[in-house]
Amino acid sequence: MVGTAVGRDFDLARLRTLADLQASVPLLDREAHAARVTARLGFDLAELPEAELGAGELDRPTLLEVWRQRSSEAGPERPRPRRIALLRAPGDDPLIDRLRLDDFAAFAPGLELLRVPSLDADPRAQLDALRRFRPDTLVMPSLATCSWLEGALRTPLERQLDNLHWLFAESDLDQRIRSRLPVINAGWIHEAGRIGLPTRRSPWQGFSLATRSLLIELLPHGDPEVDPRQRVQDRTVLPENAVLGERYELVLSSPLGFLRFRSGLHVRVVGFLPPADSEDTLPRPRVLRLPPPPADVSLEGVTLAGAWLTASVRQAFNREDPALVAGEIAADRLDDPRDRSKSGSLEPFHETELGASRVGARSQGPKPRALVVRVEVQGQTDAAFAARLAQRIDVDLRGRSAAYDWLRGRGDLWDLRVVVAESGRARRARDQRIRALDGSVERPTVRVRTNL
């Protein structure tokens, strides 16, 4: 990356230590990274070997050792993987796809591979292809994929795929499945490279950070259960200096085009692994993946903590109410509370070229003055249910935030709005994530979104 426009802009050629990098390059969130790094990389990157760019072989021996240990614990009667069905969407970077394939090629030399890039709503064609292939190993991005397939088959997977012996999954490893086949943690791979390796100790769904494969920094975030407001620091800590039990966001840098990128991936440190050999002299943190904390919502005159918002929605449901299935919270951008049928934005040029320009982006107009909550419930609701729920949420928020209560009393903030979504919406969205075969599936029941 040194020879690119990004390298010249950040003067990466003069950096010699990690401290120089931390002092010279700011932390970049997704939008800033896309504008300052990704969009400016171009095609002038010097020719480098794929292995050097991906750095996948550095931690591969440790990965294979853990896989062999897990497979031996399942019993010697199970054969080693040979026919592998990879249920995985192709990634944007072919080097990352090659990294996964090389891992399994090293684990099972001479393997036969069947790749399934996506699943249809009616997966009979894919299931027929799997039966004809007779795989002994199924590799999935999420264990929820296995649960979904079992629901389509109405039986555990091994009853339909009689040659199946192994299940590998990358995420949602605590998902319940019907199958009694051994499940092996496949490791954690990101677009930046290998992030985590499966651990040998409990919890088995945890990871040890792959600090030899790419540069990982930990950004302290605090605990939303203790402090509801997000107080993100601007200084990172190195993995070996992490505090046990603390929550962090991963900051990634790699030759694949990532430079101090705030990944949005959150972990909690649950332990440390001793150095593996003389070349790796620093301990590695053992971490558990966490969902991102709920984002704060900025209204005109007050910023409401995301933890307060999600708690208020949950506590607004009484025992006699229909059960909450899913909820989404966002700022209500309708400019007239008396005309809810009107759609649009506070920015008059929102849908024009001016709205999309930098000038339009800098002038967003006043902030929203209300919240909108969309909920899906189990069962039927009466006509007044949404109004009652909105009143309970509003009362709860006024008790949590004095500023919100004062602005609501003055009439500067409008009434909160609740929309009851059609039944099955959350399930369909979850099924779409499963069938996409790309990344984790499970999400918090109530979450904050930037828009609805």
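The values are calculated or read from the model by the stated rules, or taken from the named source; none is laboratory data. Here the structure is a predicted model, which means the values were calculated and not measured. Glycine also receives a Cβ, built like all others from the backbone with ideal geometry; neighbour counts cover every protein chain displayed.
Selection of region 300-327 for residues being surrounded by 21 or more Cβ atoms within 10 Å (Cβ to Cβ) and either touching a Cys at 6+ places or on another chain (Cβ under 7 Å) or part of a strand (DSSP E or B) (or both) yields LEU304, GLY327.
Looking only at region 12-28, count how many residues are in a loop (DSSP other than H, G, I, E, B) and within 18 Å of PHE258 (Cβ to Cβ).
Narrowing region 12-28 to residues in a loop (DSSP other than H, G, I, E, B): 15-17, 25-27.
Now narrow it down to the ones that are within 18 Å of PHE258 (Cβ to Cβ): 15, 25-27.
Number satisfying all stated conditions: 4.
Checked against (1) more than 22 Å from the chain's Cα centre (by Cα); (2) of a type in the set (A, V, I, L, M, F, W, C); (3) assigned to a loop (DSSP other than H, G, I, E, B); (4) at pLDDT 85 or above, ALA46 meets all criteria but (4). Could we say that GLY344 is surrounded by 13 or more Cβ atoms within 10 Å (Cβ to Cβ), at pLDDT below 90 and over 24 Å from ALA311 (Cβ atoms) here? For GLY344, the condition - surrounded by 13 or more Cβ atoms within 10 Å (Cβ to Cβ), at pLDDT below 90 and over 24 Å from ALA311 (Cβ atoms) - is not met. Considering (1) at pLDDT below 85; (2) among the acidic types (Asp, Glu); (3) touching a Ser or Thr at 6+ places or on another chain (Cβ under 9 Å), the lone condition that ASP59 does not fulfil carries the number (1). Step by step: first the residues of region 267-288, then only those that are crowded, with 20+ Cβ neighbours inside 10 Å and among the basic types (Lys, Arg), then the one that is farthest from ALA402 (Cα to Cα). Which residue is that? Once the filter is applied, the top-ranked residue is ARG284. For region 389-402, the criterion of being touching a Gly at 6+ places or on another chain (Cβ under 8 Å) and either within 30 Å of LEU265 (Cα to Cα) or modelled with pLDDT under 95 (or both) is met by none of the residues. Given the structure, is ALA106 touching a residue at least 12 places away in the same chain (Cβ under 8 Å) and either on the phi > 0 side of the Ramachandran plot or in a helix (DSSP H, G or I) (or both)? So ALA106 fits the description; yes. Applying a threshold of 8 Å to beta carbon distances and a minimum spacing of six or more residues, or different chains, the list of pairs starting in region 6-30 at a residue that is touching a residue at least 40 places away in the same chain (Cβ under 8 Å) and ending at one that is charged (D, E, K, R) and part of a helix (DSSP H, G or I) reads VAL6/ARG36; VAL6/ARG40; LEU28/ARG36.
Restricting attention to region 109-155, which residues are part of a strand (DSSP E or B) and in contact with an Asp or Glu (Cβ under 7 Å, 6 or more places away or on another chain)?
Step one: list which residues in region 109-155 are part of a strand (DSSP E or B), which gives 112-116, 137-142.
PRO141, SER142, listed by residue number.
Listed here are the residues, each with its yes/no results for (1) at pLDDT 90 or above; (2) touching a Leu at 6+ places or on another chain (Cβ under 6 Å); (3) under 19 Å from THR62 (Cα atoms).
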| site | (1), (2), (3) |
| --- | --- |
| ARG134 | yes, no, no |
| ALA169 | yes, yes, yes |
| HIS190 | yes, no, yes |
| LEU215 | yes, no, yes |
| ARG235 | no, no, no |
| ARG247 | yes, no, no |
